[in-house]
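Accompanying notes for the structure given below.
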Amino acid sequence: MADGPQRLPRAQDEARFDYVPTGDLLYDPQNPRLGGAAKRKNPEQIQKYLEGNPHYALDLVGSIVENGFLPYEPLIVRRQGNKFVVIEGNRRLAAVRSILSSPPGRYPQEVVDGLQSLPVLVFAEGANRGENEDVLRYLGVKHLFGFRDWPPTSKAMFLDERVRSKKNLEQLLRELNITKQEVARYLIPYRLRKAAREIFSKVNAEDFWSLAESFGRTKIKAYIQLDVDRRTMRVKMFDKTKLRYLTHFLYGANRRVTDTRQLSALGKVLGSPKAAKVLEKGATLEEASLYVASKQETIGHLLRQLEKIFEKIKTLSPGKEDKAKIHDVVQVLSRKLGA
């Protein structure tokens, strides 16, 4: 491909606008927005999946009932015999199907009648999401980093399908006008999860962002000895034992990270062999953090915290009895320190 300006998107040039009966529309189990979760589901199961977390298709019902199905937001479809596979718009189709399957009288009849056929943009006969470049460009430009957002796993799945070589990566960066860092943010954790399926087998596929965010910390990637080919984003090597520990810290029953704001602290701990070992043995993140700095620095930090505690107690103006209790506690702690 020449390095000149790219004409994007081309999908509209290759497709025609039409209205088709809603009953002729089929869900796309391979759709990247579904993050691979619908590959082995039947239409009824896909319907229930789209209605639930993380897609919440039923949230669209109110808007469709009030405004109808907007013709300038057509479903993107490809013909399959006498039917049409929905490439883009499965979530909206699920909302429409929910309305149409509701008990009579629940929604105004004019709303139900207006949803018997839907506006679509039909790709040329035989166009396939996995093979047709126009479809891929359309989805990427509109959704991947555009005005309509996908869940992180879906973005990563889309990128994984597109990037197979250095040439693929360079072409995608030009087409979508994004940086290599943006691609890496989604693609590397996704490919690591694929390469270590047995480790992530019990981790919810939608719980993607904790791992992706953790890779923003260089010391966390160094801890699992992650090696990636920067030309193709292919995962070359990682330490399985350390990766198991990391998934335990991020997702385990006694996980150490409950908020992404704690990832910086985790990175500091895992960057210290001594602190990391303490964390691996079951310490909390706060406990392990004490081993990151030198002994003198840690003691100094704890003494400053102790001084702040006493200042807070002082502002409460404790009475004679409370002062005596505080004095007794200090004496006990002093004896323990002396021992």
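Please treat every number below as a calculation from the coordinates, not as lab data. Bear in mind the structure is a predicted one, so any value in this text is a computation, not a measurement. All Cβ positions, glycine included, derive from the backbone under ideal geometry; neighbour counts span all protein chains shown.
Which Cα, out of Val77, Ser101, Gln116, lies furthest along the positive dipole direction of segment 33-117 (beta carbon charges, K/R +1, D/E -1)? Farthest towards the positive pole: Val77.
With Cβ to Cβ distances under 10 Å as the rule, what net charge do the other residues near Val183 carry (K, R +1; D, E -1)? Could you put the intermediate results ahead of the total?
On the way: positive: Lys155, Arg162, Lys180, Arg185; negative: Glu182.
It works out to a net charge of +3.
Taking a ≥ b ≥ c as the square roots of the Cα gyration tensor eigenvalues, with a/c under 1.5 meaning rounded and otherwise prolate when a/b beats b/c, else oblate, which class fits segment 295-338? Since a/c reaches 1.5 but b/c is at least a/b, the shape of segment 295-338 is classed as oblate.
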